[in-house]
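Nothing in this text is a laboratory measurement; each read-out follows from the coordinates by a stated rule. As the structure is a computational prediction, the values presented were derived from the model and not from experiment. Using ideal geometry, Cβ is built from the backbone for each residue, glycine included, and neighbour counts are taken over all protein chains shown.
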Amino acid sequence: MPTHEHLRLILEYLWIIPLLPLLGSAVNGLLGAKWPNKFVTGVALGSTGLSFACALEAVREFFADGQASFRKEFFDWIIAGNFRAGFDLQLDQLTVVMVLVVTGVGFLIHIYATGYMAHEGGYYRFFSYLNLFMFFMLILVLAANFVLLFVGWEGVGLCSYLLIGFYFLKKSAADAGKKAFIVNRIGDFGFMLGMFLLFRAFGSLDFQTVFAKAATWQPDAMGQFGTLTIACLLLFMGATGKSAQLPLYVWLPDAMEGPTPVSALIHAATMVTAGVYVVARSHVLFTHAPTAMYVVAIVGCATAIFAATIGLVQPDIKKVLAYSTISQLGYMFLACGVGAFGAGIFHLMTHSFFKALLFLSAGSVIHAMGGEQDMWHMGGLASKIKVTFVCMFFGTIAITGFAPFAGFFSKDAILFAAYQSENSGKTLYGIGLLAAIFTSFYMFRLVWLTFGGEKRYDEHHVHVHESPGSMTVPLMIHALLSLVGGWFAAPALGNGPNYFADFLAPVFGNAEAPSSQTHSLELTLSIVAVLAAALGLIVAWRMYSGKVVRGTSTGLHKILYNKYYVDELYQATIVGPLVWLSRNIFWKVVDVGMIDGSVDGIAHGTEAVGDTVRHTQSGNVRSYAVWVIIGAIVILAIIFWPLWRPAFFVAMSGGVR
Amino acid sequence: MTAPLVIFFVLAALAVFGAVSLILQRHPIHSALSLIVVMVALAGLYLLMGAEFVAAVQIIVYGGAIMVLFIFVIMLLNAGLEERTNFSRLATYAGIPLALAVSGLIAAAIVRSGGHLPAPAPSGALTSTKTLSMLLFTEFVYPFELTSFLILVAILGAIVLAQREN
Amino acid sequence: MVPTNYYLILSAILFGLGIVGFVFKRNIITLFMAIELMLNAVNLAFVAFSQSLGKPDGEVFVLFVIVVAAAEAAVGLGIIILTARNRHSLNVERVDLLKL
């Protein structure tokens, strides 16, 4: 292979990576209704698998090119005056990470879904939507300008809606889909305003142009709300919606109504990480706006602890994982907020591995239990579904941060960066650590309630069986990734290079060589983190293994159980009044009264005019005679007007007769 | 007060009186006779102005043929006193104001136009029968032929209308 | 000499009276006679202008008006006879079959 003229086959046709799932979606959607499941499976897996293969090839070419950042404009989409938003795709180190995660984890989950959804109606529809989601997500991560990114952003929101409401005949599922879409839209409003502000400030929305120009700007001072700060805050508002942070997180627990593969792919591994990706991509803007970064860090940290507390007492296995996702996303934003963008992306990657693993295992458990999701009706499953148990256990260890699993390295990097931050770093660290303890507690609670102790279900109604190979193989692959995924950063522990951070350094530009003092601090903090996780494990062990009795819910427990009544609060303060407004003002007054009224009014008016004018046709000759005379007067007036007009008209027109 | 002016006023008063009588009479035969009075008065005015041929035609054709026709029809139909129905409110209220408006407007136009027309002079040479017939058969021959056609159509129409139903 | 304006004003008055008759009379024949009155008023104006300006054209036109009036009277009275036979009334307000 020649060294300088590399075979840039895929890179020149980078659009093939998103296009393949789109084709798969279209074929399945349009033709799949009549096909047997295996054809649909073939198309879906084929397109996603090929896309993954192309992504691998693109990455290989990228490396062969010496990791030169690649950008190509494929066609002009919007040209308006000086503004150009084209279909431009780019590939740099950050994109490499995202593309591999999306296509790789996506492909594995597709395989899993063929087993999970095998007996469901609407099989073709599911895969059509899932492939469509892959298309939009890939557009999002490959985009080289904000506008195309926003296309992907909106598209994944749409697919999320379609997939959450997949069981659309179930009212709660349909409502959950709507809730997700609407709450996302609120965030998108902020995102769009941010985009407008960036356009106004920089005249373009290309990443290249915007970031290059922004780098030359003076950073805003802390507490100063300059253009960059406001733009970053608005972009972050979009990220809170998409990535389920306070206050726009409420859709994610409800989104568990969707099938479990959807929860795994969209609401754990990929879509919800889009917000983190945007913040990381715009790191140039954020580093010039310290107020915005502080806000990001605080929101991330607050969300982490908030969601963790709710997860402590949830009975539904998927809801625990949902709150866990929100909490872990909070960690990622905390990382970005303190400037450790690389650590945030690292955690994004490892999180996608072990969170997908956890969700897929939960799906396996649910499948084994015939649809049961309440953990209080499970128990003692360890011996019955061994593979699932082991995989779930791997995932739990990974998320809680025990070495040498993936979560240890990534979470540790975040907490270390938080500790070192100038803006209330120690407080952020402390809260993050507390959230880690909670994480460990609720995850092990989940494991022991589900798999440990005695069974709390009726064996005659539920036949517990292990899942088929199509489901267990992806589980095992994810388990492996959860184990080794963090080893990129492992040498850093022993004073070696942190491969992952070095890899991302060209993008984020802040690979500082660790001094020995910070290095020993880092080691200390890692040990503290592991101890914290162990604390959570021990408490959960004491409380939930063995025979467990479900108590009544009172006081603080009740508040946590009801998710701090946030949904009820939103309903009362925002949703309720808006619905009232829509129904009574916009519908009754504006739509029915004004719009329908004016259209009807025109009809009524015409009718009324006709009704009135009708009276001239009275059949009475004398009235007709009067009308004739009136007409005659009009004609006389027109003819004799120069003679009749009053004197001042004559004077005004200069005395002309 | 010259003689022509006096004669004018007398004839004018007669014409107006006849017209008012036409309106106020309740039996159509009285209205017809009032109209004859008007026509005779107008013929007199034509003579005063010097249009002798027109005056003669007015008496012979209008008074002698058309009005006679009217009277025949009235007597044929045995028209009685006029019924006092009043189905049209519009006509009742708007009739007189409109009439006043029309005549007032015309009169205003006449008065405001300055009135620099010479008075009609009773010189027979201008409007002798010979002059009129010269015009009629040279300049106005086309309308003249058309009117003969018109009369033909009228005759046919009258015959058709008067047929008894078969 | 009588100024032309006097004749014209008389013509206007007669025309107005004709309109009053046209609007207020209920007998069809009387209505017709009011129309004839209006035509006569117009004739007077024509003759006045003709003599005043010295052109006999106006009087020729008067002849035409008289001819047309005659034709119109013939046909119109024929129609009136038919209408009166059909509606059994000479009241113009009874002829209202075109009422909406």
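Could you tell me whether B:SER34 is within 26 Å of C:GLY78 (Cα to Cα) and touching a Gly at 6+ places or on another chain (Cβ under 6 Å)? Spelling it out, B:SER34 is indeed within 26 Å of C:GLY78 (Cα to Cα) and touching a Gly at 6+ places or on another chain (Cβ under 6 Å). Inspection of segment B:42-63 finds no residue satisfying the criterion of being more than 28 Å from B:LEU117 (Cβ to Cβ), surrounded by 20 or more Cβ atoms within 10 Å (Cβ to Cβ) and at the interface with another protein chain (Cβ under 7 Å from one of its Cβ atoms).
When segment B:26-83 is filtered for residues that are in a loop (DSSP other than H, G, I, E, B), closer than 19 Å to C:VAL47 by Cβ and in contact with a Leu (Cβ under 8 Å, 6 or more places away or on another chain), only B:GLY50 remains. Scanning segment C:65-79 for residues that are more than 7 Å from every other protein chain (Cβ to nearest Cβ) and buried (at least 18 other Cβ atoms within 10 Å of the Cβ) returns a single hit, C:GLY76.
Within segment A:410-425, being under 14 Å from A:ALA436 (Cβ atoms) and touching a helix residue (DSSP H, G or I) at 6+ places or on another chain (Cβ under 6 Å) holds for A:SER410, A:ASP412, A:ALA413, A:ILE414, A:LEU415, A:PHE416, A:ALA418, A:TYR419. For segment A:155-181, the candidate set comprises residues that are free of Cβ contacts under 8 Å to residues at least 12 places away in the same chain and of a type in the set (A, V, I, L, M); within that set, the residue that is farthest from A:ALA269 (Cα to Cα) is A:LEU169.
I want to confirm something. Restricting to segment B:65-118 and keeping residues that are at the interface with chain C (Cβ under 7 Å from one of its Cβ atoms) and among the aromatic types (Phe, Trp, Tyr), which single residue is surrounded by the fewest Cβ atoms within 10 Å (Cβ to Cβ)? So, considering only residues that are at the interface with chain C (Cβ under 7 Å from one of its Cβ atoms) and among the aromatic types (Phe, Trp, Tyr), the one surrounded by the fewest Cβ atoms within 10 Å (Cβ to Cβ) is B:PHE87.
For segment A:525-543, what are the residues that are surrounded by 15 or more Cβ atoms within 10 Å (Cβ to Cβ) and of a type in the set (Val, Ile, Thr)? Within segment A:525-543, A:VAL528, A:VAL530, A:VAL539 qualify. Being in contact (Cβ under 8 Å) with a residue 60 or more places away in the chain and under 24 Å from the mean Cα position of the chain (by Cα) is a property that holds for A:LEU246. Elements of the type helices (runs of 4 or more DSSP H) sitting completely within segment A:37-154 and holding at least 1 residues that are in contact with an Asp or Glu (Cβ under 8 Å, 6 or more places away or on another chain) and touching a residue at least 12 places away in the same chain (Cβ under 8 Å): these cover A:123-142. Is there a residue being buried (at least 23 other Cβ atoms within 10 Å of the Cβ), facing chain B (nearest Cβ under 7 Å) and out of contact with any Leu (no Cβ under 8 Å at 6 or more places or on another chain) anywhere in segment C:54-64? Yes, there is a match, as at least one residue in segment C:54-64 is buried (at least 23 other Cβ atoms within 10 Å of the Cβ), facing chain B (nearest Cβ under 7 Å) and out of contact with any Leu (no Cβ under 8 Å at 6 or more places or on another chain).
Could you check, for segment A:213-227, whether at least one of its residues is part of a helix (DSSP H, G or I), of a type in the set (A, V, I, L, M, F, W, C), out of contact with any strand residue (DSSP E or B) (no Cβ under 6 Å at 6 or more places or on another chain) and buried (at least 24 other Cβ atoms within 10 Å of the Cβ)?
Within segment A:213-227, none of the residues are part of a helix (DSSP H, G or I), of a type in the set (A, V, I, L, M, F, W, C), out of contact with any strand residue (DSSP E or B) (no Cβ under 6 Å at 6 or more places or on another chain) and buried (at least 24 other Cβ atoms within 10 Å of the Cβ).
Taking the conditions (1) assigned to a helix (DSSP H, G or I); (2) closer than 27 Å to B:LEU156 by Cβ in turn, C:GLY58 satisfies each one other than (2). Set side by side, the residues C:ASN86, C:ASN27 differ, and just one is within 14 Å of chain A (Cβ to nearest Cβ) and polar (S, T, N, Q), which is C:ASN27.
Restricted to segment C:80-100, and to residues there that are in contact with a Ser or Thr (Cβ under 7 Å, 6 or more places away or on another chain) and of a type in the set (D, E, K, R), the residue that is surrounded by the most Cβ atoms within 10 Å (Cβ to Cβ) is C:GLU93.
B:GLY18 - would you say it is under 19 Å from the mean Cα position of the chain (by Cα) and more than 30 Å from C:GLU93 (Cβ to Cβ)? It is false that B:GLY18 is under 19 Å from the mean Cα position of the chain (by Cα) and more than 30 Å from C:GLU93 (Cβ to Cβ).
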